[in-house]
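K.L.:
One structure follows; several queries about it will come next.
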Amino acid sequence: MNVRLVFSLIFIALSVALAVCGLIAFRSRKAIGVPLGRMLFCLIPPVLGNLLIICSTTKLPATIGCYLYYIGIDFTVFSLLRYTLAYCNIPWKDNRFRVFVLSVLGLDVIQLLANIFFGHAFGLECIQLYGQPYYRMIPYFPQQLHRLVVYSILVAVLIILFLKMRHSSRINANRYGVIFFTLLANIVWGTFYVFSRTPLDRSMIGYAVFGLMTFYFSLYYKPLLLLNRIMMDISAELPDALFFFDDAGNCIWLNSEGRKLVNLQGHDLSGVEDRLKPFLERGQGADHWAARMESDGEERKFYVLEKRTIRDNRGYVDGSFLNIRDDTEAQLKLMQEIYRARHDELTGLYTRPWLYKRIQEKLVEASGELQSIVFVNVSNFKLINDIFGIEFGNSVLKQIADALRRFIPEGGVYGRLSGDNFGILMPSAEFDGDSFKSWLANFTVSAGDIDNHVLIHLGVYEVTDASLEVSVMFDRARIAASSLRNEYHTHIAWYDDRMRVNMLWEQQITGDLQCALTERQIVPYLQPLVDATGKVVGGEALVRWNHPDHGFLPPAKFIPIFERNGMIAEVDRYMWRCACEQLAQWRDNDLFISVNISPKDFYFMDVAAELRGLTKEYGVDPARLRLEITESVMISDVKNKVQMLDGLRAAGFIVEMDDFGSGYSSLNMLKNMPIDVIKIDMVFLRSSGQDEKSMIILRNIINMSTDLNIVPLTEGVETEKQYDDLSRMGCKLFQGYYFAKPMPLEDFQAQYVDVA
């Protein structure tokens, strides 16, 4: 058989194979597909060139074959370099190097093509081979340069593969190693033909085979044996316990964690299945299942289980594996986090959200059994903290929590609602009011050297409508408890319809406030203030509400509500503005207006900035807008309050202290507070005719204030005798029904203001 024909057929078959593989590579979704396809297609021209050289018996086809072969090799080595960089995941960042390589190869291609005209690179000589002419290439110096360029790029490719192989994992090293050694073998084979000048150069067969091998290794090859070995190594070191079983369910392999779990000492795996029964029973024979379990031993353990059965393409069982993860640490941590989320850190009782949820569940469970919601409030808890310190206050809360644990029956739930408030749900039949009263009447907290009786009030709401929000139920119980404010002998109050009416009234009146301010339904009434000569020198602004639906509302119908919910700040700001508007109209008079400042105002606004802004806006002398405060303003944040009052006085405002003598700390306040006027509480005047002690106290208060350069003002003057007595004592200003009741602005202006 003709040898040259056989090799020709081989080259044709390889060219077709390269073309088919190149198309497949281009259509591949893998990133390596495009550079691989380019390399495979670039291999086809030199293969075809080698085919022409072998087949040719005349010079022209052999010459064409040489040009295809050598120029094709230039394109092949460049595409091989690009493929190698892509296969090794090395980005070609240096554009200068790319330009250099292309330039060198481009010059080589040009000088090879120039051989057509100059014959400087190579020539052909005719020899006899297998009884037929065969044209063998005669290399000249430029052809040697061509070989140098090609071999340089091939060596660069080998170096890249070698370095990647040395610095890769075992799996990847195998991938790179196969290509490295295949390419090295082809280079050696081609070099043999170069130096031996053996006729019938067949080296392109090796390069074509190399291309097909790179196609397989790039897109399809998976080193399964090595992968299996490495996967077994990895499995052995995993923190989970792994067990592999054959198709009969016998354990054939387990990792070190698995050995610890079943307490296996030797290599005999018999009996492992019996030790795993508590785990395997969870799946109930299913192919794939996952479950959680808690151990029954003395030491609490939690596990996450997963079992998978592996079947072949015909559905027969190949085997299975069981994964057991010790989840104890995570579960205990989760349980601690859940406990912390559901329990108050200080008292250990339920938090409000979790208490509400438990109450909802209990109400569903206790269907038909009357339940009671109990709101527990510590009276004056802030005062306890201020006097005895936060540590003692915390002791109060913890001892209340301990008492609830003792008193609340098993069917009840309880928790901490907020700072000093607790909540309870318990069967109404088990709520023993007498026992609670006895406990509350004698509840004394001891902490260190301090023993103090703590006043606690309970509000009870019997659940008649279980569909209500739990928060609404506690609101009703809170309303009941708030009805006991300042009660020292009554500790328990039950919610009733009257309280509901009051609550609805509070909601309505609160909702109407903004409209009332906008439409000026709320108006200031002025009660005259007179001096020792009987002359009206100013008035106190008192709020009144002319409601469109409920008519004229006295302050007692709405002011306490706004004091509780904080909306008093809106009312006060409005009254200050009204006073400034009126004083601006009385610009030619010296009359002043006193306005009230509630303790709540300081929580919702910058009082000093607000007052300074209003007087500046209306062009009013600050001395004509007098500021009435109560001693309760100074209960907290005393230093900052004193600084603020000093600032107001420096700005020209006159500060009055209202209700002097009604509080337990008035003398202390008088010493510390920067004030200009004290309003003596009317409590002294109510008994001044019968109680000589009241008169003595009254006289001394007036004298003391005068000595302190503080103007005394007595309110509640109702008789001429009271007025005369107070005048003789040295009182400077007076207010009361003896002079006039509070009146609308128009009436006050008509009687006392000279508008000429």
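The values are calculated or read from the model by the stated rules, or taken from the named source; none is laboratory data. Note that this is a predicted model, so its numbers are computed, not measured. Counting neighbours? That spans all protein chains shown, and the Cβs are built from the backbone with ideal geometry, glycine included. SASA here: full protein model, heavy atoms, side chains in, ligands and nucleic acids out. Shrake-Rupley method; radii C 1.70, N 1.55, O 1.52, S 1.80 Å.
K.L.:
Quick check: is even one residue across segment 49-56 among the small types (Gly, Ala, Ser) and either without any contact (Cβ under 8 Å) to a residue 24 or more places away in the chain or part of a helix (DSSP H, G or I) (or both)?
P.N.:
yes
K.L.:
Next up: Kindly indicate whether residue 383 is in contact with a helix residue (DSSP H, G or I) (Cβ under 9 Å, 6 or more places away or on another chain) and aliphatic (A, V, I, L, M).
P.N.:
No: the conditions fail for residue 383.
K.L.:
Starting from segment 550-574, take each residue that is in contact (Cβ under 8 Å) with a residue 24 or more places away in the chain and of a type in the set (S, T, N, Q) and list its partners that are surrounded by fewer than 18 Cβ atoms within 10 Å (Cβ to Cβ) and assigned to a helix (DSSP H, G or I), counting only C-beta distances under 8 angstrom and pairs at least six apart or across chains.
P.N.:
565/506; 565/510
K.L.:
Just wondering, is there one or more residues in segment 155-177 that are of a type outside the set (Ser, Thr, Tyr), at pLDDT 90 or above and touching a strand residue (DSSP E or B) at 6+ places or on another chain (Cβ under 8 Å)?
P.N.:
No: segment 155-177 contains no residue that is of a type outside the set (Ser, Thr, Tyr), at pLDDT 90 or above and touching a strand residue (DSSP E or B) at 6+ places or on another chain (Cβ under 8 Å).
K.L.:
Of all residues in segment 319-349, count the ones that are assigned to a helix (DSSP H, G or I), surrounded by 14 or more Cβ atoms within 10 Å (Cβ to Cβ) and among the hydrophobic types (A, V, I, L, M, F, W, C).
P.N.:
Looking only at that region, the number is 0.
K.L.:
More than 24 Å from residue 473 (Cα to Cα), without any contact (Cβ under 8 Å) to a residue 60 or more places away in the chain and not in a helix (DSSP H, G or I) - does that describe any residue in segment 356-374?
P.N.:
No - not one qualifying residue is present in segment 356-374.
K.L.:
Restricting to segment 105-142, give me the number of residues that are of a type in the set (A, V, I, L, M, F, W, C) and open to solvent by less than 60 Å² (accessible area, probe 1.4 Å).
P.N.:
Kept after step one, since they are of a type in the set (A, V, I, L, M, F, W, C), are these residues of segment 105-142: 105, 107, 109-110, 112-114, 116-118, 121-122, 124, 126-127, 129, 137-138, 141.
After this cut, where a residue has to be open to solvent by less than 60 Å² (accessible area, probe 1.4 Å) as well, the list is 105, 109, 112, 114, 121-122, 124, 127, 129, 137-138.
Going through segment 105-142 one residue at a time, the tally reaches 11.
K.L.:
Looking only at residues in segment 519-546 that are in contact with an Asp or Glu (Cβ under 9 Å, 6 or more places away or on another chain) and surrounded by fewer than 17 Cβ atoms within 10 Å (Cβ to Cβ), which one is nearest to residue 744 (Cα to Cα)?
P.N.:
521
K.L.:
Restricting attention to segment 584-630, and to residues there that are basic (Lys, Arg) and within 46 Å of the chain's Cα centre (by Cα), which single residue is most open to solvent (accessible area, probe 1.4 Å)?
P.N.:
Initially, segment 584-630 is screened for residues basic (Lys, Arg), giving 587, 600, 612, 616, 624, 626.
Next, from what is left, pick out any that are within 46 Å of the chain's Cα centre (by Cα): 600, 612, 616.
Values: 600: 58, 612: 108, 616: 172 Å².
Among them, the one singled out is 616.
K.L.:
If I filter segment 299-318 down to residues being in contact with a Phe, Trp or Tyr (Cβ under 9 Å, 6 or more places away or on another chain) and not β-branched (Val, Ile, Thr), which single residue comes out as surrounded by the fewest Cβ atoms within 10 Å (Cβ to Cβ)?
P.N.:
Per the criteria, the residue is 308.
K.L.:
Residues to consider are 236, 241; find the one that is closer than 30 Å to residue 310 by Cβ and modelled with pLDDT of 80 or more.
P.N.:
241
K.L.:
Further question: So residue 70 passes all but one of these: (1) open to solvent by 50 Å² or more (accessible area, probe 1.4 Å); (2) touching a residue at least 40 places away in the same chain (Cβ under 8 Å). Which condition number does it fail?
P.N.:
(1)
K.L.:
Between 425, 370, which is surrounded by 21 or more Cβ atoms within 10 Å (Cβ to Cβ) and over 15 Å from residue 481 (Cβ atoms)?
P.N.:
Only one candidate passes the filter, namely 425.
K.L.:
Here's a follow-up. Out of the residues in segment 164-219 that are surrounded by fewer than 15 Cβ atoms within 10 Å (Cβ to Cβ), within 60 Å of the chain's Cα centre (by Cα) and not aliphatic (A, V, I, L, M), which is nearest to residue 134 (Cα to Cα)?
P.N.:
181
K.L.:
Specify the residue that is most open to solvent (accessible area, probe 1.4 Å); the eligible residues are those in segment 84-104 that are farther than 12 Å from residue 154 by Cα, touching a residue at least 24 places away in the same chain (Cβ under 8 Å) and in a helix (DSSP H, G or I).
P.N.:
It comes out as 102.
K.L.:
Also, quick follow-up: Going through segment 457-501 one residue at a time, which ones are in a helix (DSSP H, G or I), surrounded by 15 or more Cβ atoms within 10 Å (Cβ to Cβ) and modelled with pLDDT under 85?
P.N.:
Residues satisfying the conditions are 482, 499.
K.L.:
Can you tell me which residues in segment 547-562 are within 46 Å of the chain's Cα centre (by Cα) and surrounded by fewer than 15 Cβ atoms within 10 Å (Cβ to Cβ)?
P.N.:
Scanning segment 547-562 gives 556, 557, 560.
K.L.:
Now, a different point. Cβ-Cβ below 6 Å, separation at least six or inter-chain, first residue in segment 268-280 and open to solvent by less than 30 Å² (accessible area, probe 1.4 Å), second in a helix (DSSP H, G or I): which pairs?
P.N.:
272/262
K.L.:
Also, quick follow-up: Considering segment 317-343 alone, what residues qualify as being under 21 Å from the mean Cα position of the chain (by Cα) and among the charged types (D, E, K, R)?
P.N.:
Selection gives 333, 337, 340, 342.
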